[in-house]
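The values are calculated or read from the model by the stated rules, or taken from the named source; none is laboratory data. What you see is a predicted model, and the numbers here were worked out from it, not measured in a lab. Virtual Cβ from ideal backbone geometry, glycine too; neighbours counted across all protein chains shown. To get the accessible areas, we keep the full protein, side chains included, count just its heavy atoms, and leave off ligands, DNA and RNA. Shrake-Rupley method; radii C 1.70, N 1.55, O 1.52, S 1.80 Å.
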Amino acid sequence: MLGRALTSTAWGMVADRFGRKPVIVFGIFSSFLFNILFGLSVRYWMAISTRFLIGSMNGLLGPIRAYAIEVCRPEHHAIALTLVSTAWATGLTIGPTIGGYLAQPAEKYPKLFPSNSLFRRFPYFLPCLCISGFCFIALISCIWLPETLHNHKTIKEEGQASECLIPHFSDPEELIKHNITSTNKKNLLKNWPLMSSIILFCIVSFDDMAYTEIFSLWAESDRKYGGLSFTSEDVGQVLAILGASIMVYQTFLYPSIVRVMGPISTSRVASSLSIVLLFAYAPITHLSRPWSSIAVNVVSVLKNNFVISIVTSCLILQNNSVSQDQRATANGLATTLMSSFKAIAPAGAGIVFSWAQKRQHTFFFPGDQMVFFLLAIIELVVFVWTFKPFLAVPEQFPST
């Protein structure tokens, strides 16, 4: 996260200057290389360094969001960005499975991996090698990846020393829009429709990361402390079901919802329902098995799909708040700020959870009830931010 926060804006600027494809290819290659080196680490500093380099050298996230917008017609922007989120959900499902089954293979599968093999000395090399294999396949597929940053032709007018760059547009309305925005292009930090949607994005990301940290701690803590006494396998099963639900929801349901309601109204409804849902977590501890497991899976699926609805809506607003030649930089800036918020959230959530554990018998929101109450307060801030004057609406969308 630290590496990504430090370099995402710079990678976005590179993508706006030289194209999306070079940054995408280099990002995949860096993941391919440094994941292998991470698996071969024999010292703690080596592991930390390679993880930092994976984040700092992989500027993929901002340009890929810009690419998703540019490769589709405007009416398909929602499904394009949901595919980016669905890719994350796929990783959330497949990634832990790869790590769980392939880590320490010499101990789990001694017949296949003898004690004197490379995988005995480097017990976490096999899952890293598998991830690099995925990266290699993606790297090969980039051969057929078209560049979406418009090619420019230089027009030299007689008697003028300056050159005018004119992009090729197939849609006349897009050309008119480009001419208008290019004459009064703003500094990104002064573009309030962009910055207000980035702030909303950061608040939601902070809430999501804090919730993720708290959920695992709460689910595995003992019932006498207000938890569920789940095992790590139980939590893993919840996360697997969650990842599968996000893939289904993002692919088949969200595009239709945002097409009818728009990204702003979708965010308002999702944040308001999340506030209500967070108050349902604490009573689950009073249920016995298997009802507690069923209830946790239901509320977890709903909560995370509400969050992913707001996140994807923010991405739509961000990408429609800037012109194409600033889009990757804007997404890089959003990634930088979001990564900073996500880096703070786990530590803050852990401190709050430890504090809540010590107030089991207080009158006002005892124990873990206080934790979910504070998460609901953050969701309330998200809900309020979706209204004017906080959230400025790009011209493409109505303000309601």
Q: Out of the residues in the stretch 250-294 that are among the basic types (Lys, Arg) and open to solvent by 60 Å² or more (accessible area, probe 1.4 Å), state the one that is nearest to residue 81 (Cα to Cα).
A: 259
Q) Quick one: would you say residue 308 is open to solvent by less than 60 Å² (accessible area, probe 1.4 Å), in a helix (DSSP H, G or I), modelled with pLDDT of 90 or more and among the hydrophobic types (A, V, I, L, M, F, W, C)? A) yes
Q: Determine which member of the set 169, 134, 122, 113 is modelled with pLDDT under 90, closer than 30 Å to residue 26 by Cα and aromatic (Phe, Trp, Tyr).
A: 169
Q | Test set (1) surrounded by fewer than 17 Cβ atoms within 10 Å (Cβ to Cβ); (2) under 22 Å from the mean Cα position of the chain (by Cα) - residue 44 fails condition number | A | (2)
**Q.** Any chance residue 303 is of a type in the set (D, E, K, R), surrounded by fewer than 21 Cβ atoms within 10 Å (Cβ to Cβ) and either under 30 Å from residue 358 (Cβ atoms) or in contact with a Leu (Cβ under 6 Å, 6 or more places away or on another chain) (or both)
**A.** no
Q.
When you scan the stretch 24-47, do you find a residue that is under 22 Å from residue 142 (Cβ atoms) and not in a helix (DSSP H, G or I), even just one?
A. no
Q: Return only the number of the condition from (1) assigned to a helix (DSSP H, G or I); (2) at pLDDT below 95 that residue 196 does not satisfy.
A: (2)
Q: Output the qualifying pairs, or none if there are none: Cβ atoms under 7 angstrom, residues six or more apart or on different chains, first residue in the stretch 41-54 and closer than 17 Å to residue 1 by Cα, second residue surrounded by fewer than 16 Cβ atoms within 10 Å (Cβ to Cβ).
A: 52/2
Q) Quick check: is even one residue across the stretch 351-360 without any contact (Cβ under 8 Å) to a residue 24 or more places away in the chain, over 20 Å from residue 207 (Cβ atoms) and out of contact with any Phe, Trp or Tyr (no Cβ under 8 Å at 6 or more places or on another chain)? A) yes
Q: Mind listing whichever residues of the stretch 273-308 are polar (S, T, N, Q) and touching a Phe, Trp or Tyr at 6+ places or on another chain (Cβ under 6 Å)?
A: 274, 305
